[in-house]
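A.B. asks: There's a structure below that I have some questions on.
Taken together, the values in this text are just the output of simple stated rules run on the coordinates, not laboratory data. Only a predicted model underlies this, so the values are computations on that prediction, with no experimental measurement involved. Here Cβ is always computed from backbone atoms with ideal geometry, including for glycine, and neighbour counts include all displayed protein chains.
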Amino acid sequence: MPVKLPEVYIGKNAVSELEKFITKQQYTAFTLVTDENEYEALGREVETAIRKIDRSLRTIVLPGNATPDETYLIQVLLEPDERRRVYLGVGSGTLTDIVRFCSHRAGMPFISLPTAASVDGFASTGCALTIQKYKQTIMAAAPVGIFADLDTLTHAPRPLIASGFGDMFGKYTALADWPISYHIAGEAFSQELADRSRRALQTCVDQVPVLHDQWETAMHKLMEGLVEEGICMLLQGNSRPASGAEHVISHYWEMKLAREDRPPVFHGAKVGLAAILVARYYELLRQISREEALERLQAARMPSAEDEVARIRSVFGPAAELILAVQQKALQQTPEQFARMCRKIGDSWELIQQFAATVPASAEIKDLLVKVGGATHPSQLGLTDTDVHEALEYGLYLRKYFTILNLGRILSIPKPEGVF
């Protein structure tokens, strides 16, 4: 079945364009979901516009800065009444994920009204939720429309804008991981979508030198790039056109912060920082000749399933059973399958090096982040050296796809040091 793409508008007077869309679609009843900050930024204006065109509206203003966990999901899910209502999500990535999940479970469409160009998930089907302090991507539905008001985007807090750029810079490493996984692990891959994702990335990178002189244009282009990444994920049916090792590292940090009741950090800020680490991994990979790679592969040993299970349980505690379910196929790998994978790595070494060469040096990604005001040291995000080491060591368990973290483990590539 063909994928239905959302109606997308990025520009001035987005709320007026929303009114036209609502009239065209003949929607009559709505549930607006936002939080206290986003209500003031755009929610009140949307609320006024919906009432002006005489539509039934219920508004849910979540307290504080909402997080995508059980507490906030329940608050939205417990609010339905007798009418079937289209959901309006007014906010950044977190609000979009909450509304995406709740509208899907209610069997109703939703419309996204981003208040900041902060993440790449506005158009995708996956919602990043933290359930029982385990970060997971749950499939729901894409919005039927995205209406991003340019005036609102340009006045968004700078850390959110830096987060959007950080999420985009993570595509450098994701777009190397994905084809490597295709050649080594047989993962589904689309060159067309990889090319689209890379073009979106380049569009955003091109805004960095002109960011301060052409702020409004840069925000428009950043939002376009973020939405395009979401559409690539929507067309692929998963997050792979935009997500690799940098995202699993970010997810590990998010889970650890939640587990230890530490303050949350913007998704894209963590992804940008993780991209520096992963880029360094690729620098180390590029230093390995085929002859050395073959020697390392010859010495590689498959971890036992028993050791892996014990390791996951000791690290992840209450979330371990969920992670073990994700890793079920990997835990069932036979020695013959492991040996076959090692042969594929050796046979594909030139290709692997070609993909690795597309990743900029870690210093280049760090420089891009500095220019957009993003974090370039773990301490800026409240992260410790231990947090960094653990994410590099254990992040690979959080997703079933193959990344440089898996390849680095097989090849015994040392953890990146001295990156920050």
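A.B. asks: Compute log10 of I(q)/I(0) for segment 41-176 with the Debye formula, placing one identical point scatterer on every Cα and leaving out solvent, at q = 0.19, 0.22 Å⁻¹, to two decimals.
C.D. replies: -1.21, -1.55
A.B. asks: Around Ile131, under 9 Å between beta carbons, what's the net of Lys plus Arg minus Asp minus Glu among the other residues?
C.D. replies: Numbers: positive: Lys133, Lys135; negative: Asp69, Glu70.
Net local charge, Ile131 excluded: 0.
A.B. asks: Let me ask something else about it. Can you list residues from other chains, or at least 5 along the same chain, whose modelled amide H is less than 5 Å from the amide H of Glu187?
C.D. replies: The list, which skips near neighbours in sequence, is Tyr182.
A.B. asks: Rounded to the nearest 10 degrees, what's the angle between the helix 305-316 long axis and the longest principal axis of the chain, both from Cα atoms, 0 to 90?
C.D. replies: 40 degrees
A.B. asks: Let me ask another. What are the residues whose amide H is under 5 Å from the amide H of Leu62, where those residues sit 5 or more places off or on another chain and H is modelled from the backbone?
C.D. replies: Thr34, Asp35, Glu36
A.B. asks: Sort the following peptides by mean Cβ neighbour count (other Cβ atoms within 10 Å, averaged over residues), highest first: 158-164, 50-56, 32-38, 90-96. Walk me through the numbers before you get to the answer.
C.D. replies: Details: 158-164: 21.9, 50-56: 13.4, 32-38: 23.6, 90-96: 28.1.
By packing density, highest mean first, the sequence is 90-96, 32-38, 158-164, 50-56.
A.B. asks: Let me ask another. At 222 nm, what value in deg cm²/dmol follows for the chain if DSSP H runs of at least 4 each add -39500 (n - 2.57) and the sum is divided by all its residues, to the nearest 500? All intermediate terms of the calculation are to be shown ahead of the outcome.
C.D. replies: Values: 20 runs with 229 residues, N = 420.
Helix-only estimate at 222 nm: -16500 deg cm²/dmol.
A.B. asks: Can you pull out the GluC sites (Glu not before Pro) in segment 314-420 whose DSSP state is coil and whose Cβ has at most 13 other Cβ atoms within 10 Å?
C.D. replies: On the way: sites: Glu321, Glu336, Glu350, Glu364, Glu390, Glu393, Glu417; in loops: Glu417.
Qualifying residues, ordered by number: Glu417.
A.B. asks: May I pose another question? Roughly how many debye, to the nearest 20, is the charge dipole of segment 7-156 about its Cα centre, given +1 on each Lys and Arg Cβ, -1 on each Asp and Glu Cβ, and no other charges? Could you put the intermediate results ahead of the total?
C.D. replies: Values: 15 positive and 19 negative charges, 89 e Å.
Its charge dipole is roughly 420 debye.
A.B. asks: Also, quick follow-up: How large is ³J(HN,Hα) for each residue in segment 218-230, as worked out from phi by the Karplus curve 6.51 cos²θ - 1.76 cosθ + 1.60 (θ = phi - 60°), to whole Hz, x for Gly and Pro?
C.D. replies: So the Karplus estimates, Gly and Pro as x, are 4, 5, 4, 5, 4, 5, 4, x, 5, 5, 4, 4, x Hz.
A.B. asks: Another question, then. First select every other residue whose beta carbon is under 13 angstrom from the beta carbon of Arg311; then total the charges, Lys and Arg +1, Asp and Glu -1. Let's see the in-between values first.
C.D. replies: Working: positive: Arg313, Arg409; negative: Glu306, Asp307, Glu308, Glu390, Glu393.
Residues close to Arg311 contribute a combined charge of -3.
A.B. asks: Out of all DSSP beta bridges with both ends in segment 7-156, state the antiparallel percent to the nearest 5.
C.D. replies: Values: 6 of 30 bridges.
Once the DSSP bridges in segment 7-156 are tallied, antiparallel ones form about 20 percent.
A.B. asks: Another question about this same structure. For a footprinting-style exposure proxy, rank Lys12, Lys366 by other Cβ within 10 Å, fewest first. Before the final figure, lay out the partial values.
C.D. replies: Values: Lys12 13, Lys366 23.
By the 10 Å Cβ count, ascending: Lys12, Lys366.
A.B. asks: Same structure again: When all C-alpha to C-alpha distances in segment 163-264 are sorted into bins of 5 Å, what percent of pairs does each bin hold, rounded to whole numbers?
C.D. replies: Percent of pairs per bin, in order: 2, 13, 21, 20, 16, 13, 10, 4, 1, 0.
A.B. asks: Let me ask you something else. Subtract the Cα-Cα distance of Phe21 and Asp151 from 0.36 nm times their separation in residues, and report this length gain in nm to one decimal. Working shown, then result.
C.D. replies: Numbers: separation 130, 0.36 × 130 = 46.80 nm, distance 1.95 nm.
Fully extending the segment from Phe21 to Asp151 adds 44.8 nm.
A.B. asks: When you take every Cα atom in segment 12-112, what is the radius of gyration, and what is Dmax, the widest Cα pair distance, in Å?
C.D. replies: Rg then Dmax for segment 12-112, in Å: 12.6, 35.
A.B. asks: Counting pairwise Cα distances across the chain, what percent come out greater than 40 angstrom?
C.D. replies: Numbers: 14684 of 87990 pairs.
Here the long-distance tail beyond 40 Å is 17 percent of all Cα pairs in the chain.
A.B. asks: Tell me, what is the percent relative contact order of the chain, built from C-alpha pairs under 8 Å that lie six or more residues apart?
C.D. replies: On the way: 718 pairs, mean separation 71.0, N = 420.
Contact order relative to length: 17 percent.
A.B. asks: Right, something else. Taking the 0 to 90 degree range and rounding to the nearest ten, how far is the long axis of helix 385-394 tilted relative to the main principal axis of the chain, both from C-alpha atoms?
C.D. replies: Value to nearest ten degrees: 80.
A.B. asks: Continuing with the same structure: Return the whole-Å distance between the Cα centroid of segment 130-195 and the Cα centroid of segment 1-48.
C.D. replies: Spelled out, the Cα-based centre of one part sits 22 Å from the other.
A.B. asks: Tell me which of Gln26, Ile60, Phe169 sits at the most positive position along the dipole axis of the chain, charges placed on C-beta atoms (Lys, Arg +1; Asp, Glu -1).
C.D. replies: Gln26
A.B. asks: Here's something else I'd like to know. Counting only DSSP beta bridges with both residues in the chain, what percent are antiparallel, rounded to the nearest 5? Kindly include the intermediate steps, with their values, before the conclusion.
C.D. replies: Details: 6 of 30 bridges.
Roughly 20 percent of the DSSP beta bridges within the chain come out antiparallel.
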